[in-house]
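The structure appears below as structure tokens.
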Amino acid sequence: MNGTEMKYINEAFESNWIAPLGPNVDAFEKEMASYIGANGAVAVSSGTAALHLALSLLEVQKGDTVFCSSLTFVATANPILYQGAEPVFIDSEPATWNMSPSALEEAFKEAEIANKLPKAVIIVNLYGQSAKMDELAAICHRYAVPIVEDAAESLGSMYKEKSSGTFGEFGVYSFNGNKIITTSGGGMLISDNTEALSKARFLATQAKDPATHYQHSQLGFNYRMSNILAGIGRSQLQVLEERVNVRRAIFNTYQQELVGYPEISFMPELENTVSNRWLTTLTINEQKTGVSISKLLALLESENIEARPVWKPLHMQPLFEKYQYYPHSTNNSISEELFRTGICLPSGSNMTPQDQMRVIDCIKKALSENY
Ligand SMILES: *Cc1c(COP(=O)(O)O)cnc(C)c1O
């Protein structure tokens, strides 16, 4: 928190708007839309809810398929199953760790032959880094299939001077406690299609028809954001840029301190993009170092430092095993390789320089012990 959240929370209490609607919700939506440069935004209870609404609005249903990045958090793909549809997982490519245009192309080619194009493509921007949106959007446009951009991890990031999350029919952000700014829990659905956003508001409030009695013709959800939490969000949005700068500084320190270790590769930043560096992530070459990521994680753990492997690709998850997967190229699965070799380092905005040096020293120790 940055200290000004209480002002907005107090406003909610003083005006007695303790509800999933109110002035903070309206203002937060406007401020978000204007910040990222979209026509409108709908504040909801989680990023997952925003993804689910996006798929509902695109009328994804039973029997449909949805193409989806494989290297991501499970929340990206769960809404596909909520809708009774089937995910088809698309591999990453090395320059962004995000969706591989060549794997996407391959998936589309086969889907076209099978006469079964997907209803939507969900593209994730991992750890703050934008996917290759121009290439991916060109392919999706060619097949006239809409994009949902999962920008839960990339709020504040840029792709060619435009905000990450604004490249699809819908964009999704998350304000979960672990994200770059937070409302403890929450999400935002954004779009240039304000008509669709009105529909999203309707669906997110139990799809209540305009009638004096309680009348419902469609299946709805209870997905709106609380006016109290929206107050936290308004205050957090004011420090987003600051947070991005801090996270980027943390990344730069890791990189500078570990520059002498060529067996370590940091997650790249694609040209003409700015990553918010939500988490500093790197890969380790085990053949050269003799240090596997599990060994490094254990060593960090023994010093009371919590680090994590990168996301386990969804096509490798028991929940999703039976669904189709398209690798970057034949016998070359980039997401599997990143899962085997990648770790996320402590990257919190409130990490002290001393804390960070402790992490760096521990990594150096792990690597030097094997020389
Ligand atoms: C956090 C996250 C989500 C889900 O957001 P919630 O607000 O936790 O529901 C979706 N996708 C990705 C990539 C995430 O990191």
Check your understanding: Which residue, Gly187, Gly40, Gly290, tops the fluctuation ranking in a GNM of the chain built on C-alpha contacts under 10 Å?
Key -> Gly290
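May I ask you to compute the full-extension gain from Lys295 to Asp209, defined as 0.36 nm times their residue separation minus their alpha-carbon distance, rounded to one decimal in nm?
Extending this stretch completely gives an extra 25.3 nm.
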Revision key, fill the gap. Filtering trypsin sites (Lys or Arg not before Pro) in segment 1-78 by DSSP loop and by at most 11 other Cβ atoms within 10 Å leaves Lys62
Review point. Roughly what would the spin-label model give for Glu112 and Lys7, points 7 Å off Cα along C-beta, in nm?
Key: 5.4 nm
Check your understanding: Under a 5 Å amide H to amide H cut-off, with H placed in plane at 1.01 Å, what residues pair with Thr273 once short-range neighbours are removed?
Key -> Lys160
Check your understanding: Among Ile80, Ile113, Ile264, which comes first, second and so on when ranked by fewest other beta-carbon atoms within 10 Å?
Key -> Ile113, Ile264, Ile80
Review point. Along the principal axes of its C-alpha atoms, what lengths does the chain span, in descending order and rounded to whole Å?
Key: 76, 58, 36
Review point. Mind checking the alpha-carbon convex hull of segment 241-368 and giving the volume per residue in Å³?
Key: 147 Å³
Check your understanding: Taking the Cβ of Glu105 as the center, what net charge do the other residues with Cβ under 11 Å away carry, scoring Lys and Arg +1 and Asp and Glu -1?
Key -> -2
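In whole angstrom, how long is each semi-axis of the equivalent ellipsoid of segment 196-246, when you take the square root of 5 times every eigenvalue of its Cα gyration tensor and sort them from largest down?
34, 11, 8
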**Study point:** √(5λ) per eigenvalue of the Cα gyration tensor, segment 1-138, largest first, Å
**Key:** 35, 18, 12
Check your understanding: Counting Lys and Arg as +1 and Asp and Glu as -1, what is the net charge of the other residues whose Cβ lies under 12 Å from the Cβ of Gly220?
Key -> +3
Check your understanding: Cα centroid distance between segment 200-233 and segment 1-26, in Å?
Key -> 19 Å
Practice item. Divide by every residue of the chain the summed helix terms, -39500 (n - 2.57) for each DSSP H run of at least 4, and state the resulting mean residue ellipticity at 222 nm, rounded to the nearest 500 deg cm²/dmol. Key: -11500 deg cm²/dmol
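Find how much the distance from Asn16 to Glu195 grows on full extension, using 0.36 nm per residue of separation minus their present alpha carbon separation; answer in nm with one decimal.
61.5 nm
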Check your understanding: Which of the lysines could a cross-linker span from Lys62 if the Cα-Cα distance has to be under 20 Å and same-chain partners fewer than 8 positions apart are dropped?
Key -> Lys116, Lys119, Lys322
Exercise for review: Report the antiparallel proportion of the DSSP beta bridges in segment 5-240 as a percent, rounded to a multiple of 5.
Suggested key: 50 percent
Exercise for review: Return Cys140, Cys344, Cys68 ranked ascending by Cβ neighbour count within 10 Å, so the fewest neighbours appear first.
Suggested key: Cys344, Cys140, Cys68
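Just flag the GluC sites (Glu not before Pro) in segment 13-66 sitting in loop per DSSP whose Cβ has no more than 16 other Cβ atoms within 10 Å.
Sites meeting the loop and neighbour criteria: Glu59.
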Point to revise | In Hz, Karplus ³J(HN,Hα) per residue of segment 266-280 (6.51, -1.76, 1.60; θ = phi - 60°; x = Gly, Pro) | key: 7, 4, x, 10, 5, 4, 6, 10, 10, 8, 6, 6, 3, 10, 7
Exercise for review: Taking amide H positions as placed in the peptide plane 1.01 Å from N, state which residues far from Ala120 in sequence (5 or more) or on other chains have amide H under 5 Å from it.
Suggested key: Phe67
Point to revise | Candidates Tyr261, Tyr159, Tyr325, ranked by Gaussian network fluctuation over the chain, Cα under 10 Å, top entry | key: Tyr261
Review point. What list do you get for Glu286, Glu336, Glu321 if you sort them by fewest beta carbons within 10 Å?
Key: Glu321, Glu286, Glu336
Practice item. Evaluate 2.2 N^0.38 Å with N set to the residue count of segment 169-226, then give the Cα radius of gyration divided by it. Key: 1.32
Exercise for review: Between Glu263 and Gln354, take the C-beta separation as r, use R0 = 22 Å, and let me know the FRET efficiency to the nearest 0.05.
Suggested key: 0.25
Check your understanding: Taking θ as phi - 60°, what are the ³J(HN,Hα) couplings along segment 180-192 by the Karplus curve (6.51, -1.76, 1.60), each to the nearest whole Hz, with x for Gly and Pro?
Key -> 5, 10, 9, 10, 6, x, x, x, 9, 9, 10, 6, 8
Study note, to complete from the structure: Phi-derived 3J(HN,Hα) across segment 17-34 with the Karplus relation (6.51, -1.76, 1.60, θ = phi - 60°), rounded Hz, x for Gly and Pro, is 8, 9, 7, x, 6, x, x, 5, 4, 4, 5, 4, 4, 4, 5, 5, 4, 6
Check your understanding: How high is the relative contact order of the chain, given as a whole-number percent (alpha carbon pairs under 8 Å, six or more residues apart)?
Key -> 22 percent
Point to revise | Other-chain or far-sequence residues with amide H under 5 Å of Gly40's (modelled H) | key: Ser191
Practice item. Excluding residues on the same chain fewer than 8 positions from Lys365, give the aspartates and glutamates whose Cα lies under 20 Å from its Cα. Key: Glu257, Glu263, Glu286, Glu301, Glu303, Glu306, Asp355
**Study point:** Sequence-separation-based contact order of segment 241-368, relative, with Cα cut under 8 Å and 6+ spacing, percent
**Key:** 31 percent
Exercise for review: Starting from the exponent 0.38 and prefactor 2.2 Å, build the expected Rg for segment 48-118 from its residue count and divide its actual Cα Rg by it.
Suggested key: 1.12
Check your understanding: Given that compact globular proteins tend to follow 2.2 N^0.38 Å, what is the ratio of the alpha-carbon Rg of segment 104-218 to that value?
Key -> 1.26
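Taken together, the values in this text are just the output of simple stated rules run on the coordinates, not laboratory data. The structure presented is a predicted model; accordingly, all values stated were derived computationally and were not measured. Positions of Cβ are generated from backbone atoms using ideal geometry, with glycine treated the same way; all protein chains shown enter the neighbour counts.
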